[in-house]
Amino acid sequence: MTDSTTRNPGNGGETHQRAGGDVPVLTTNHGVPIGDNQNSLKSGARGPTLLEDFVLREKIFHFDHERIPERIVHARGSGAHGVFEATDDIADLSKAAVFAKGEKTEVFVRFSTVAGGAGSVDTPRDVRGFAVKFYTSEGNWDLVGNNIPVFFIQDAIKFPDLVHAVKMEADRAYPQAGSAHDTFWDWASLMPESTHMLMWAMSDRTLPRSLRTMEGFGVHTFKLVNAEGKASFVKFHWKPRLGLQSTVWDETLKLQAADNDYHRRDLWEAIDTGAFPQWDLGIQVFDEAFARAQPYDVLDATKLIPEEDVPVRLIGTLTLNRNVDNFFAETEQVAFLPTNIVPGIDFSNDPLLQGRLFSYLDTQNSRLGTTNFHQIPINAPRCPFGNFQRDGKMQTQVPKGRANYEPNSLAEHGEDGGPRESVERGFATVNAATGDDEQGDKLRIRADLFADHYSQARLFYRSQTENEQAHIASSFVFELSKVGLLDKVPPRMVANLRNVDEDLAKRVADGLGIDLPEKAAAAREPVDMDASDALSIQKNMKDTLEGRAIGILFADGTDAGELDAVVAAVEAAEAKAVLIAPKVGGATLSDGSMRKADGQLAGTPSQLFDAVAIVLSDQGTKALLKEGAAVQFAMDAFGHLKAIGASAAAKPLLDKAGVEADAGVTDLDGFVAAASRRFYDREPGVRTLA
Ligand code: HDE
């Protein structure tokens with residue numbers, strides 16, 4: 001047995017010992033080679049296992065501790081590595097190195113759902129976390145945001161209540177990952193400040209088609225600070241290059257059965273195949289005078305700044321280009337901290353943000369079990385770092401010398417004195433005078449404009465397409481219909497909605513079959529704001545097939561030429577063509593050749609795709625008319641408003657599935673042109689909307 005020293009490239013060239021030389025051998029954690037990994041040590045072939053079996057005990061001991069506490073919120077997530085490139089010069093606004101034009105910064109991004117546990121599904125109706133760690137040359141900057149620009153509450157003191165109410169109920173431990181239950185709506189109906197966020201949550205924003213087709217937002221107002229110390233207010237936005245896309249509710253429910261890992265798989269496969277997801281980083285910059293002139297408070301996280309009032313300026317591009325090597329080591333152990341901020345960026349006094357500044361550090365200590373969690377490779381800065389914090393659990397660094405205090409004069413005596421303060425580069429909190437009202441009496445209080453809970457909820461609703469408004473009304477009806485035991489809750493919620501929009505309130509009351517309750521008294525009367533197109537998904541979709549998945553159903557007898565032509569057209573449009581046949585082994589085509597399928601019909605329903613083509617012969621159609629999964633394939637694609645391209649021979653299958661002629665139902669030639677969009681006009685014909 002020889003020991004050799006190898007370089008571990010993932011760890012900055014650190015030296016590691018690996019037993020066994022070029023052919024690694026199994027060892028214990030302490031390097032002792034293991035001779036038998038199949039049998040525990042026993043006293044005789046049928047005798048008891050011996051306590052001295054350190055190989056067995058170490059292995060089981062480690063296994064017993066493989067899980068760490070899951071995140072109390074955002075437990076289920078998917079992460080990826082990437083790069084951020086600054087594309088615009090904003091030195092007049094911020095001195096942050098990460099924004100210097102042309103600068104490339106490594107990043108790690110973790111997307112998440114909020115309410116469900118780590119093993120829950122990817123597609124509940126839920127907010128998505130969008131957390132980005134920038135490993136900048138001046139330390140880590142974590143922009144820990146969501147896919148919705150506002151939040152449920154205005155003050156951090158309400159966060160535990162929100163989370164307790166939305167997560168599974170305390171006694172019965174369900175539902176696992178959704179807000180459609182008593183305690184959430186009990187709480188929400190008593191918290192008018194959540195109304196704006198509820199509008200977003202009940203919209204298709206919480207049903208993203210892919211993590212790649214959703215926006216991200218920093219949510220809070222932050223500050224940018226330039227080299228002269230001048231501060232400006234800023235809101236951060238992530239704009240997906242593929243435009244916005246969402247699924248419809250029925251499809252989302254069925255996706256939970258078809259693929260629990262729908263988003264995780266989609267992200268992994270996109271990166272794995274080189275279709276790197278991209279977002280542009282945008283900023284809305286404004287000053288104190290603008291802030292004071294608005295009918296809302298910019299420090300209130302339940303409010304947004306309409307893009308029509310302050311346009312979003314794009315200043316850089318994020319590209320996710322590398323999957324993780326190990327889910328636990330990276331995605332699970334990554335520790336985001338809103339307190340990770342770098343010179344050139346600063347906090348505002350948003351009381352929700354201020355509360356977060358304490359919470360995350362504490363959480364990481366309890367989750368990762370040590371204050372040294374910053375040394376885990378995924379969390380460690382890529383720039384040099386050093387201070388006099390010492391020891392603690394899992395200290396993996398070996399500081400040398402005596403300098404563990406400051407100031408010291410050890411250098412004068414020829415010893416290493418350790419790191420020093422950097423007066424020039426150091427982070428300096430921006431002068432209060434350039435910001436918000438930072439001083440005053442000590443009070444448990446909110447600013448006046450925080451009392452307006454409805455104006456922006458109304459703005460959001462009125463900025464949606466007719467179809468999107470119907471989805472919102474239907475979602476409220478669905479969710480409130482799940483409030484089983486507390487009969488006062490739905491009327492209380494509808495009473496709040498009357499302050500948003502009378503028509504919405506009426507639709508929800510009708511959908512629930514209850515009388516329209518009296519309007520709730522508003523803490524502050526709402527005002528009308530100009531509608532904003534940026535708030536609608538449908539107005540921000542891209543007419544492209546790039547990055548989409550197209551399901552192509554074929555069977556024995558399918559015309560080889562027709563099938564090849566559809567696949568070629570789909571791939572030419574930069575979409576992924578997925579072949580589906582009754583047997584995954586494939587089917588025999590018209591020319592006698594065998595074509596392998598990517599998925600078997602029974603386990604590959606149409607909800608997994610953005611559009612479907614059905615390429616069948618008379619023979620294949622006849623066989624599939626008896627196959628429920630084939631009829632359902634067409635029926636759901638139609639019901640989920642997708643384009644369906646079909647060969648002439650497949651017509652009887654479409655008829656049986658109730659597919660009616662419209663612009664989205666085409667022959668194979670017209671399919672690709674139709675496939676890049678959904679046919680929302682079809683919706684009133686396929687389901688009852690509130
Ligand atoms: Fe979080 N939040 N949060 N949050 N949050 C956590 O930190 C918390 C809030 C967000 O992928 C936790 O590491 C408090 C707003 C994301 O690892 C915890 C308050 C926004 C993630 C925590 C908020 C977020 C978290 C759980 C109110 C959008 C996942 C595990 C004061 C701007 C990050 C963890 C990841 C995670 C606390 C409010 C986004 C417990 C106390 C507002 C994306 O520390």
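How high is the FRET efficiency from Arg524 to Thr429, r the C-beta distance, R0 41 Å, rounded to 0.05?
In this case the efficiency is close to 0.80.
Sum up the charges of everything whose Cβ sits under 14 Å from the Cβ of Phe61, counting Lys and Arg as +1 and Asp and Glu as -1, but leave Phe61 out.
So the environment of Phe61 carries a net charge of -1.
Apply the Karplus curve 6.51 cos²θ - 1.76 cosθ + 1.60, θ = phi - 60°, to the phi angles in region 385-402 and return the couplings in whole Hz, x for Gly and Pro.
3J(HN,Hα) across region 385-402, in whole Hz: 9, x, 7, 9, 5, 9, 6, x, 4, 6, 5, 9, 8, 10, x, 9, x, 9.
If you roll a 1.4 angstrom probe over the protein chains with everything in place, what fraction of the accessible area of region 547-685 belongs to carbon and sulfur, to the nearest %?
Numbers: 2990 of 5560 Å².
For region 547-685, the apolar C and S fraction of the accessible surface comes to 54 percent.
With only Lys, Arg, Asp and Glu charged, each at its Cβ (+1 for the first two, -1 for the last two), find how big the charge dipole of region 547-685 is about the Cα centre; round to the nearest 20 debye.
Taking the Cα centre of region 547-685 as origin, the dipole is about 380 debye.
Going by amide H atoms built from the backbone, whose H comes under 5 Å of the H on Thr113, apart from near neighbours?
Amide H neighbours of Thr113: Arg76, Gly129.
Skipping prolines and chain starts, which residues have an amide H placed within reach, meaning under 5 Å, of the one on Tyr454, given they are 5 or more residues away or on another chain?
none
Which residue, chosen from Ala534, Leu304, Gly592, occupies the Cα position most advanced towards the positive end of the dipole of the chain, where the dipole is computed from +1 (Lys, Arg) and -1 (Asp, Glu) charges on Cβ about the Cα centre?
Sorting the options by dipole projection puts first Gly592.
How far is the Cα center of region 560-584 from the Cα center of region 625-684, in Å?
Here the two parts' Cα centres lie 16 Å apart.
Which entries in the list Lys158/Lys235; Lys235/Lys542; Lys167/Lys442; Lys223/Lys539 go over 26 Å, if you measure between the two C-alpha atoms of each? Don't jump to the answer; show the numbers that get you there.
Working: Lys158/Lys235 23 Å; Lys235/Lys542 24 Å; Lys167/Lys442 33 Å; Lys223/Lys539 30 Å.
Distance filter (> 26 Å) returns Lys167/Lys442; Lys223/Lys539.
Leaving ligands, DNA and RNA out of it, report the carbon-plus-sulfur percent of the accessible area of region 249-395 at a 1.4 Å probe.
Answer for region 249-395 is 53 percent, counting heavy atoms of protein chains only.
For region 547-685, how many pairs of lysine residues have a Cα-Cα distance under 14 Å, where the two are 8 or more positions apart or belong to different chains? Before the final figure, lay out the partial values.
Numbers: Lys583/Lys596; Lys622/Lys651; Lys622/Lys656; Lys626/Lys656.
The result is 4.
Stokes-Einstein diffusion coefficient for the chain at 20 °C in a medium of 1.002 mPa s, Rh from the Kirkwood formula over Cα pairs: what value in µm²/s?
76
How far is the Cα center of region 470-530 from the Cα center of region 226-257, in Å?
26
Once amide H atoms are placed 1.01 Å from N in the peptide plane, what residues at a sequence separation of 5 or more from Leu668, or on another chain, have their amide H within under 5 Å of its amide H?
Ala646
Leaving out ligands, DNA and RNA, and with a 1.4 Å probe, what % of the accessible surface on region 102-222 is carbon or sulfur?
About 58 percent, which is the carbon plus sulfur part of the accessible surface.
In Å², what does the accessible area per residue of region 547-685 work out to with a 1.4 Å probe?
Details: 5560 Å² over 139 residues.
Solvent-accessible surface per residue comes out at 40 Å².
State the extension gain, in nm to one decimal, for the chain segment bounded by Asp89 and Leu253, taking 0.36 nm per residue of separation less the distance between their alpha-carbons. Kindly include the intermediate steps, with their values, before the conclusion.
Values: separation 164, 0.36 × 164 = 59.04 nm, distance 4.46 nm.
Gain on extension, Asp89 to Leu253, equals 54.6 nm.
Rounded, prolate or oblate: which one fits region 337-428, using the alpha carbon gyration tensor with axes a ≥ b ≥ c (rounded when a/c is under 1.5, else prolate when a/b beats b/c, else oblate)? Walk me through the intermediate numbers first.
Details: a/c = 2.52, a/b = 1.44, b/c = 1.75.
Because a/c hits 1.5 or more and a/b fails to exceed b/c, region 337-428 counts as oblate.
Just the number, please: percent antiparallel of the DSSP beta bridges in region 547-685, rounded to the nearest 5.
Around 10 percent of the beta bridges assigned by DSSP in region 547-685 are antiparallel ones.
From the phi of every residue in region 289-294, what ³J(HN,Hα) in whole Hz does the Karplus formula 6.51 cos²θ - 1.76 cosθ + 1.60 yield, where θ is phi - 60° and glycine or proline is x?
Per-residue couplings from phi come out as 5, 4, 4, 5, 8, 8 Hz.
Taking every DSSP beta bridge with both residues inside the chain, roughly what % is antiparallel (nearest 5)? Could you put the intermediate results ahead of the total?
Working: 67 of 85 bridges.
About 80 percent, rounded to the nearest 5.
For the pair Lys442 and Thr49, how long in nm is the line joining their label points, each one 7 Å along Cα→Cβ?
A separation of 5.7 nm, rounded to one decimal place.
When the label point is put 7 Å from the Cα of Asp564 along its Cα-to-beta-carbon vector, which residues of region 581-625 have a backbone N closer than 16 Å?
Correct set: 588-596.
Return the Rg/Rh ratio of region 547-685 with Cα-based radii and a Kirkwood Rh.
The Rg/Rh ratio comes out at 0.93.
If a paramagnetic tag sat 7 Å from the Cα of Val163 along the Cα-Cβ line, which residues of region 318-358 would have the backbone N under 18 Å from that point?
Within reach of a label on Val163: 332-340, 351-358.
Heavy-atom accessible area per residue, region 63-140, 1.4 Å probe: how many Å²?
Counting only protein heavy atoms, the per-residue value for region 63-140 is 35 Å².
Could you go through region 114-123 in sequence order and give the Karplus-derived ³J(HN,Hα) for each residue, using 6.51 cos²θ - 1.76 cosθ + 1.60 with θ = phi - 60°, rounded to whole Hz, and x for Gly and Pro?
In residue order, the calculated couplings are 9, 7, x, x, 4, x, 7, 8, 7, 10 Hz.
Okay, which of region 82-112 sit inside 19 Å, backbone N to the point 7 Å along the Cα-Cβ direction of Ser422?
Residues 91, 94-101, 103-107 qualify, since their backbone N sits under 19 Å from the label point.
Once label points are set 7 Å from the Cα along Cα→Cβ at both Phe388 and Asp503, what is their separation, rounded to one decimal in nm?
6.7
Could you work out how much longer the chain between Asp618 and His62 gets when fully extended? Use 0.36 nm per residue separation minus the Cα distance between them, nm to one decimal.
Using 0.36 nm per residue and subtracting the Cα-Cα distance, I get 194.2 nm.
Taking the alpha-carbon distance from Lys59 and a cut-off under 12 Å, which aspartates and glutamates remain once sequence neighbours fewer than 8 residues away in the same chain are dropped?
Answer for Lys59, where 12 Å is the Cα cut-off: none of the aspartates and glutamates qualify.
Each label point is 7 Å from the Cα along the Cα-to-Cβ direction; what then is the distance between the points at Asp487 and Ala289, in nm?
Taking the two extended label points, one gets 5.9 nm.
The values are calculated or read from the model by the stated rules, or taken from the named source; none is laboratory data. Note that the structure is a prediction, hence the values are computed from the model and not measured. Cβ atoms come from the backbone with ideal geometry, glycine included; neighbour counts cover every protein chain shown. To get the accessible areas, we keep the full protein, side chains included, count just its heavy atoms, and leave off ligands, DNA and RNA. Shrake-Rupley method; radii C 1.70, N 1.55, O 1.52, S 1.80 Å.
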